[in-house]
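> Pasting in a structure now, in structure tokens, and then I'll have a few things to ask.
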Amino acid sequence: MSPSLGGAPLLTITGMVKEFPGLRALDDVSLDVHSGEIVAVVGHNGSGKSTLVKILAGVYTKDAGEVEFPASTADEPTELHIIHQDLGLSMQLTAIENLGIQKRQGVAGWAPFNKKQEIAHARELISRFGEPFDVTVPVGRLAPAQRSIIAIARALDGWKHPRNILILDEPTEALHASEVRVLFDAVKKLAAQGAGIIFISHRLDEVLDLSDRVVVLRDGRKVADESRERIDHDRLVAHVTGVAAGEAETGRVGRPHGDVVLEVENLSGAGIEDVDLTLHAGEVVGIAGVLGSGREALPALMFGSVPSHADRFELGGEPYEDRSPAESIRRGMGFVPGDRAKFGSIRLMTARENVTLPELKSLTNGAGAVSTKRERAHVMELIAKYDVKPPRPEQVFAQFSGGNQQKVVFAKWLRNNPRVLLLEEPTQGVDIGAKQALYGAIDAAAAAGAGVVVCSSEAKELVRLCDRVLVLRNGRVAAELSGEDLTETRVVLEGYGLGNEGEQ
Amino acid sequence: MKKTEGIPTVTDSGKAVSSGSEWRRLLSFQNISAIYIFVVIFVIFSILVPALTGTQSFLAPGTWANLLDTQSLTVLAAIAVLIPLTAGVFNLAVGAEISFAMMLCIVLQLPSAQYQKDLGLALGLPWPVAAIITVLAGGLIGLASGLVVTRLKIDSFIATLGMSSILIALAYLISANRPFSVPAGFGSLSAANIPLGPFRLTLPVIVLIVIAVVGWYVLERTPIGRRMYAAGFNPDGARLSGVNVSRLQLGALVVGGLIAGVIGVLASSKFGGSPGYGNGMLLPALAAVFLGSTQFKGGRFNIWGTVLALYVLAVGIQGFLLVRVPDWITDFFYGVALIGAVAMSRWERTSKRLGAVKRATTLGSKK
């Protein structure tokens with residue numbers, strides 16, 4: 001801690017633990033924040049940083065640990081304000097109305113507006129962070145950085161003293177580089193006035209730019225807590241990935257590949273521009289990239305659930321122009337979406353019904369009815385094969401645990417031996433045991449001749465599974481890694497656009 | 001792993017469940033509450049009706065045969081609501097579709113020489129031709145609703161509510177806002193029957209049985225039905241599993257319209273044409289569909305649950321009418337039944353979900 005930050009910390013977190021079934025999301029995490037300090041909390045998806053914010057926000061309850069405000073006194077109670085990634089603004093309302101929403105509750109909500117006074121008040125709040133802007137137009141028409149400022153101004157409105165805690169959760173996600181400046185200047189001003197800031201981010205360059213101290217979380221544990229002067233880019237990457245340069249695990253080599261099963265040229269659509277991809281039977285190709293790079297958009301475009309255009313799109317040697325999910329399935333594609341509850345399953349139907357939904361023809365008898373006996377036997381076999389627990393085909397999908405739900409989804413797509421299997425975050429929200437089982441299923445599918453595309457935010461997972469990884473940035477393929485080059489560090493660095501620095 | 005210890009607490013109709021507890025589940029109040037409600041209603045009125053009116057009419061077989069026949073059209077209306085709802089779309093236009101079909105079927109049969117002046121559709125057609133045209137018109141109306149829902153992407157609640165108002169207007173337009181009696185000879189259609197012991201199975205009842213059996217078979221036995229349920233539960237998820245959700249919804253609304261056309265033909269053969277007749281059928285139909293979803297299938301809309309629910313509600317109404325409660329009690333009763341039924345189906349889903357959450361958390365804490 002820098003010596004200038006005397007006195008008791010504003011916020012102290014000690015020994016915080018949070019467990020989910022089969023997963024320890026936070027493991028003995030301690031952290032303190034002093035007045036005037038900007039503390040960055042960094043980590044990959046699943047490192048525990050969002051769990052930490054959600055506990056502080058009261059969304060989750062902690063299983064163990066303490067949260068204290070040592071500097072809080074009766075005269076000067078420490079307040080804690082959180083600005084979530086989506087800002088929580090009502091886009092149709094003006095800045096004034098958004099600023100007033102929290103205050104004007106209960107009886108105060110019936111009082112008439114004093115427009116002039118409110119405009120003046122709003123301007124004053126905003127001008128603390130730089131040039132004021134129009135506060136009378138709907139927030140949706142303002143620039144993203146201006147929206148962030150309104151959200152911060154709203155959090156600050158009513159602070160009786162500046163020595164409070166402000167948490168910014170991934171605040172730069174929607175901002176351009178120039179706007180990030182505006183936001184950072186505002187945050188620095190606040191800290192200079194005595195606020196303690198927690199800045200959650202996965203953008204390493206911004207973290208190094210803004211923070212006084214960097215805390216790194218990995219797999220729920222705090223792995224580093226160092227002042228800005230003592231940390232540089234390489235060390236930060238090593239902390240985040242947990243892999244020191246040189247000792248990295250590399251991608252798989254020497255797996256036999258068959259013919260080309262999927263040939264895509266210049267695929268463009270929402271979030272994706274001119275992506276080429278050639279996939280062989282038995283090959284596993286990874287898609288990496290930070291959030292917003294197009295990584296999460298690509299599989300839906302290929303599967304046809306989102307419209308797209310490609311100069312050439314050939315599946316199994318045949319051109320396939322008008323893509324739709326039904327037609328893709330008919331041609332032998334399978335798609336495991338990232339959002340299991342919304343897209344990957346019918347939660348209120350049974351495991352049996354979920355598994356057989358994409359293809360019921362082979363289970364239909366002469367009278368046009370699904371043969372219950374054959375369907376049950378078939379699903380029972382798959383449930384045993386993929387080790388779904390409990391092994392009950394008649395249990396409603398929603399009542400399985402996350403890992404077993406995903407096994408059911410895998411069974412659904414693998415049962416007819418797909419030619420091309422598209423996987424989006426295949427092990428999200430899944431416990432370690434199920435994760436290994438799913439990896440095994442992916443290996444087996446590739447060995448059986450499927451071409452597999454895995455989109456994942458977990459570099460480790462990609463290195464474990466893939467022969468080759470395409471790293472996307474701004475919707476385009478920025479790098480292709482394979483063999484020796486396919487390491488966690490390279491995947492992460494290329495994702496941030498720092499490939500050259502990593503090679504020094 | 002201790003995790004497996006949590007599994008026996010998961011109660012569901014798995015293979016391991018003994019036949020005794022399977023029976024208990026089948027006969028549980030939650031599974032067949034409508035039958036228990038029916039018994040209660042039956043007992044109350046078989047005591048009340050003789051006591052208050054001095055007749056045995058509630059227990060007379062004629063009362064029941066009559067009930068079966070008069071309510072069969074409302075049950076058909078409920079099926080016309082049920083089929084689209086299974087695929088995730090409301091068909092609030094069913095009442096207006098029936099009204100319109102009734103007027104169309106009658107007006108088409110009116111002698112042109114006499115009516116052509118103010119009724120353009122008075123073509124003097126023989127009743128079988130008029131009936132076929134009416135049923136097809138019902139299908140076309142369903143197609144129109146379906147296109148509004150699937151192509152214009154307008155929420156089915158709004159789309160069919162709007163359609164309903166348009167159809168009521170059209171029913172008045174084609175009939176010049178006049179009621180008509182049953183044309184000569186046409187009445188024989190709804191009166192046609194097969195004697196069956198003391199009862200007579202009238203044509204509306206036979207049509208109901210046929211449509212219900214076909215509907216049940218398609219919904220619960222075929223891939224189409226499976227996909228319709230999937231589309232109703234989660235349209236996005238179903239689409240990604242290869243289900244053509246909009247085509248199913250469109251088709252379901254067309255089938256709903258065809259059934260409404262059939263109801264219109266049967267109703268006009270029985271009652272003639274009154275432009276507002278069908279409008280009162282929407283609420284009982286909706287109430288029966290939602291109450292029916294709480295029966296047998298644990299929260300799923302289903303044909304037999306719907307049929308049962310409607311007859312139970314109708315028996316209740318019949319009892320009220322026999323003890324000379326004023327007519328408005330019908331509307332009151334169906335309103336309460338609709339809200340109560342939806343609340344019950346919500347409650348059932350929530351309790352199931354809470355149960356699942358509880359199990360998930362006990363699994364977690366035992367670790």
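> Which numbered condition in (1) within 12 Å of chain B (Cβ to nearest Cβ); (2) within 30 Å of the chain's Cα centre (by Cα); (3) open to solvent by 40 Å² or more (accessible area, probe 1.4 Å) is the only one that A:ARG376 fails?
Looking at each condition in turn, A:ARG376 falls short on (2).
> For region B:296-326, give me each residue that is touching a residue at least 24 places away in the same chain (Cβ under 8 Å), over 30 Å from B:PRO50 (Cβ atoms) and not in a helix (DSSP H, G or I).
Residues satisfying the conditions are B:PHE296, B:GLY298, B:GLY299, B:ARG300, B:PHE301, B:ASN302.
> With A:ARG154, A:ARG163 as the choices, which residue is of a type in the set (Lys, Arg), surrounded by 15 or more Cβ atoms within 10 Å (Cβ to Cβ) and not in a helix (DSSP H, G or I)?
A:ARG163
> Sort out which residues of region A:286-298 are within 16 Å of the chain's Cα centre (by Cα) and either within 14 Å of chain B (Cβ to nearest Cβ) or of a type outside the set (Asp, Glu) (or both), and write them in order of number.
If the condition is that a residue be within 16 Å of the chain's Cα centre (by Cα) and either within 14 Å of chain B (Cβ to nearest Cβ) or of a type outside the set (Asp, Glu) (or both), then A:ILE287, A:ALA288, A:GLY289, A:VAL290, A:LEU291, A:GLY292, A:SER293, A:GLY294, A:ARG295, A:ALA297, A:LEU298 are the ones that fit.
> Anything in region A:405-421 that is in a strand (DSSP E or B) and surrounded by 23 or more Cβ atoms within 10 Å (Cβ to Cβ)? List them, or say none.
A:LEU421
> Restricting to region B:322-367, count the residues that are open to solvent by 40 Å² or more (accessible area, probe 1.4 Å), out of contact with any strand residue (DSSP E or B) (no Cβ under 8 Å at 6 or more places or on another chain), within 10 Å of another protein chain (Cβ to nearest Cβ) and at pLDDT 55 or above.
Number of matching residues: 1.
> Tell me, which residue of region B:207-230 that is aliphatic (A, V, I, L, M) and facing chain A (nearest Cβ under 9 Å) is farthest from B:VAL289 (Cα to Cα)?
Checked region B:207-230; the qualifying residue farthest from B:VAL289 (Cα to Cα) is B:ILE224.
> Right, next: If you check B:LEU92, B:LEU82, B:LEU52, B:LEU48, which single one turns out to be closer than 28 Å to B:GLY272 by Cα, out of contact with any strand residue (DSSP E or B) (no Cβ under 6 Å at 6 or more places or on another chain) and in a helix (DSSP H, G or I)?
Checking each option against the conditions leaves just B:LEU82.
Here's the yes/no breakdown for (1) more than 25 Å from A:GLY304 (Cα to Cα); (2) open to solvent by less than 30 Å² (accessible area, probe 1.4 Å); (3) in a helix (DSSP H, G or I):
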| site | (1), (2), (3) |
| --- | --- |
| A:LEU423 | no, yes, no |
| A:GLY429 | yes, no, no |
| A:GLY433 | yes, no, yes |
| A:GLY440 | yes, no, yes |
| A:ALA445 | no, yes, yes |
| A:VAL453 | no, yes, no |
| A:ALA478 | no, no, no |
| A:THR489 | yes, yes, yes |
| A:LEU493 | yes, yes, yes |
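> Please pick out the residue among A:GLY366, A:GLY402 that is open to solvent by 20 Å² or more (accessible area, probe 1.4 Å), more than 7 Å from chain B (Cβ to nearest Cβ), in contact (Cβ under 8 Å) with a residue 24 or more places away in the chain and out of contact with any strand residue (DSSP E or B) (no Cβ under 8 Å at 6 or more places or on another chain).
A:GLY402
> Still on this structure, I have one more. Name the residues in region A:120-151 that are of a type outside the set (Asp, Glu) and open to solvent by 50 Å² or more (accessible area, probe 1.4 Å), would you?
Residues satisfying the conditions are A:ALA120, A:HIS121, A:ARG123, A:SER127, A:ARG128, A:PRO132, A:THR136, A:ARG141, A:GLN146, A:ARG147.
> Part of a loop (DSSP other than H, G, I, E, B), more than 7 Å from chain B (Cβ to nearest Cβ), over 14 Å from B:VAL243 (Cβ atoms) and open to solvent by less than 40 Å² (accessible area, probe 1.4 Å): does that describe A:VAL388?
Answer is yes for this residue.
> For region A:426-440, name all the residues that are touching a residue at least 24 places away in the same chain (Cβ under 8 Å), small (Gly, Ala, Ser) and over 17 Å from A:GLY338 (Cβ atoms).
A:GLY433, A:ALA437
> Check off (1) open to solvent by 40 Å² or more (accessible area, probe 1.4 Å); (2) outside any helix (DSSP H, G or I); (3) within 13 Å of chain B (Cβ to nearest Cβ) for A:GLY334 and give me the number that stays unchecked.
Of everything listed in (1) open to solvent by 40 Å² or more (accessible area, probe 1.4 Å); (2) outside any helix (DSSP H, G or I); (3) within 13 Å of chain B (Cβ to nearest Cβ), A:GLY334 misses just condition (1).
> B:GLY242 fails exactly one of the following numbered conditions: (1) open to solvent by less than 10 Å² (accessible area, probe 1.4 Å); (2) within 14 Å of chain A (Cβ to nearest Cβ); (3) not aliphatic (A, V, I, L, M). What is the number of that condition?
Here B:GLY242 clears every test but (1).
> Would you check which residues across region A:173-202 are of a type outside the set (A, V, I, L, M, F, W, C) and surrounded by fewer than 18 Cβ atoms within 10 Å (Cβ to Cβ) and list them?
Selection gives A:GLU173, A:HIS176, A:SER178, A:ARG181, A:ASP185, A:LYS188, A:LYS189, A:GLN193, A:GLY194.
> Is it the case that region B:125-133 has a residue that's open to solvent by 30 Å² or more (accessible area, probe 1.4 Å), over 29 Å from B:ALA238 (Cα atoms) and either in contact with a Ser or Thr (Cβ under 6 Å, 6 or more places away or on another chain) or not in a helix (DSSP H, G or I) (or both)?
yes
> Turning to a different aspect of this structure: For the list (1) surrounded by 15 or more Cβ atoms within 10 Å (Cβ to Cβ); (2) in a loop (DSSP other than H, G, I, E, B), I need the number of the one condition that B:MET102 fails.
Every listed condition holds for B:MET102 apart from (2).
> I'm trying to understand the selection: among the residues of region A:291-309, which are in a loop (DSSP other than H, G, I, E, B), in contact (Cβ under 8 Å) with a residue 40 or more places away in the chain and farther than 19 Å from A:LEU421 by Cβ?
Listed by number, the residues that qualify are A:LEU291, A:GLY292, A:SER293, A:GLY294.
> Would you mind telling me which numbered condition in (1) without any contact (Cβ under 8 Å) to a residue 24 or more places away in the chain; (2) buried (at least 18 other Cβ atoms within 10 Å of the Cβ); (3) among the charged types (D, E, K, R) A:GLU170 fails?
(1)
> Among (1) farther than 30 Å from A:VAL260 by Cα; (2) surrounded by fewer than 17 Cβ atoms within 10 Å (Cβ to Cβ); (3) touching a residue at least 24 places away in the same chain (Cβ under 8 Å), which single condition is A:ARG347 missing?
(2)
> Oh, and also: Could you list all residues from region A:166-185 that are assigned to a helix (DSSP H, G or I), modelled with pLDDT of 80 or more and among the charged types (D, E, K, R)?
Across region A:166-185, the qualifying residues are A:ARG181, A:ASP185.
> Still on this structure, please answer the following. What residue, among those in region A:354-363 that are within 10 Å of B:SER241 (Cβ to Cβ) and open to solvent by 10 Å² or more (accessible area, probe 1.4 Å), is farthest from the other protein chains (Cβ to nearest Cβ)?
A:GLU359
> Looking at (1) within 14 Å of chain A (Cβ to nearest Cβ); (2) touching a strand residue (DSSP E or B) at 6+ places or on another chain (Cβ under 9 Å); (3) surrounded by fewer than 24 Cβ atoms within 10 Å (Cβ to Cβ), find the lone condition where B:PRO195 falls short.
(1)
The values are calculated or read from the model by the stated rules, or taken from the named source; none is laboratory data. Just so it is clear, the model here is predicted, and its values are computed rather than measured. Neighbour counts are summed over all protein chains in view; Cβ atoms, including those assigned to glycine, are modelled from backbone coordinates with ideal geometry. Note: areas computed on protein heavy atoms with side chains; ligands, DNA, RNA excluded. Shrake-Rupley method; radii C 1.70, N 1.55, O 1.52, S 1.80 Å.
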